[in-house]
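The values are calculated or read from the model by the stated rules, or taken from the named source; none is laboratory data. Because the structure is a prediction, the values reported are computed rather than measured. Cβ coordinates were reconstructed from backbone atoms using ideal geometry, including for glycine residues, and neighbour counts include every protein chain displayed.
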Amino acid sequence: MQGWPRLHNGPARPLLWHVQTGQDWTIGPIEVKALPDPPYATGTTRTKHGTIRTPALMPVVAVSYGVWDLWIDGEYTAPWDLAQATILSLYHVLQYPRAKQVRTRGIHAVLGTSRPVFMDSGGFQYMKKGVELDPMDVLAFQRDSGCDVGITFDFPITLDLDDASRTDRLDRSIKAANLMLEHTGDMALYGAIHGSSPDEIEAYTMRLDKGFSGYGIGSLVPRKAHYDHLVDIMHAARSLTSLPIHAFGITGFPALYALSYLGVDTFDSWTYLVAAAYKEYIDPERLMRVKRLKERSHLPHCDCPVCQEYGLKDFIAPTSEGEALLALHNLHVFLREMSLIREAMDKNELEDYILVKGEHGNRNINRAFRAAERKVKEKKDQYR
């Protein structure tokens, strides 16, 4: 299938890494630099609707029906009322009646929020449906919606693709990204990046034109529990730019801690809602899902605002209200942990904080962190 015509006559411009001295270093092929020591730090991402303190987790939201009606109509506190920013997938907008309102009134008016809103292109969901969108149509909708940050339409890669198909999808993602960048106007645009190895991440990045406001790293979900692989990919991405880096679809606590340690800026979470749909309660101390709630007489203690007013009986109710309340509890746990991560960073105590969390709950937290720690040390030794 033919790709879209590229609007640039010359070769793509290499991405520049803006170092602290103000000097720009062009990244050469297969060259990943060591991260600072320590590799993490709190930071800020500025948008038209406010500043996001990073690292930060953004709940994935929709404008469909069910729990979304309750939140949009203001019957309950909404996810976008709790988080610093939210993110939507275009897939969860276009197929529902509110799509026209989003385009004419703006996404902030539809949600009733004055906080930053990111809009993903929905490439991952459309890939699963076998549907393809025109990148320029995606960009037009994002701009009309008034979102703070749009993300380029992409063609994610999966483990079952042959080499030719992989190459084709990567090429088309790059063409779509550069095409959208040419016409983005004053809307901030993140370039979606894909690759299954550090070398692929670098090669992909080298073909993106300069001018993106940040980058979103995709195709992570199929191997999200393979922590060494995840760390390799995200370390490579983080090392190539000082612009904001977003990790798509990675919201398990082990990965959140490890990637925050590596300096990833933002994450998105659909897990808070999916867990609630399956009537699963996230234990705020062990950071693991409590299942089969109907068989339990009580829940682990939680002092979040939802649990102060509602309880087990409310959460297991087979209604949209029950799902909404349980989702809000789960989101409170995620957001609290991200706040504690930032606090530990400011004290330069993130490593100790992560190790303590791993000892008292999800043991995969320490596995993922050790993988990140090894990678940072390896690169530090290499460039010493």
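Please go through the range 135-168 and give me each residue that is in a loop (DSSP other than H, G, I, E, B) and free of Cβ contacts under 8 Å to residues at least 24 places away in the same chain, ordered by number.
Hits for the range 135-168 are 160, 161, 162.
Being surrounded by 21 or more Cβ atoms within 10 Å (Cβ to Cβ) and part of a loop (DSSP other than H, G, I, E, B) is the filter; apply it to the range 34-61 and report the residue that is farthest from the chain's Cα centre (by Cα).
Of everything passing the filter in the range 34-61, 39 is farthest from the chain's Cα centre (by Cα).
Take the conditions farther than 19 Å from residue 60 by Cβ and not hydrophobic (A, V, I, L, M, F, W, C) and apply them to residue 150. Does it pass? Explain how you work it out, then say what you get.
Values: farther than 19 Å from residue 60 by Cβ: no; not hydrophobic (A, V, I, L, M, F, W, C): yes.
Answer is no for this residue.
Could we say that residue 260 is in a helix (DSSP H, G or I) and out of contact with any helix residue (DSSP H, G or I) (no Cβ under 8 Å at 6 or more places or on another chain) here? Write out each step before concluding.
Working: in a helix (DSSP H, G or I): yes; out of contact with any helix residue (DSSP H, G or I) (no Cβ under 8 Å at 6 or more places or on another chain): no.
It is false that residue 260 is in a helix (DSSP H, G or I) and out of contact with any helix residue (DSSP H, G or I) (no Cβ under 8 Å at 6 or more places or on another chain).
Looking at the range 355-384 only, could you name the residues that are hydrophobic (A, V, I, L, M, F, W, C) and closer than 23 Å to residue 275 by Cα?
Matches in the range 355-384: 365, 368.
Just one of (1) over 23 Å from residue 238 (Cα atoms); (2) touching a Phe, Trp or Tyr at 6+ places or on another chain (Cβ under 7 Å) trips up residue 144, so point out which.
So residue 144 meets the others, but not (2).
If a residue must be modelled with pLDDT of 95 or more, out of contact with any Gly (no Cβ under 7 Å at 6 or more places or on another chain), part of a loop (DSSP other than H, G, I, E, B) and surrounded by fewer than 17 Cβ atoms within 10 Å (Cβ to Cβ), how many such residues does the range 91-129 contain?
Result for the range 91-129: 1.
Is it the case that residue 280 is of a type outside the set (Val, Ile, Thr) and modelled with pLDDT under 95?
So residue 280 fails the test.
Among the residues that make up the range 67-90, is at least one of them at negative phi, of a type in the set (A, V, I, L, M), modelled with pLDDT under 95 and part of a loop (DSSP other than H, G, I, E, B)?
yes
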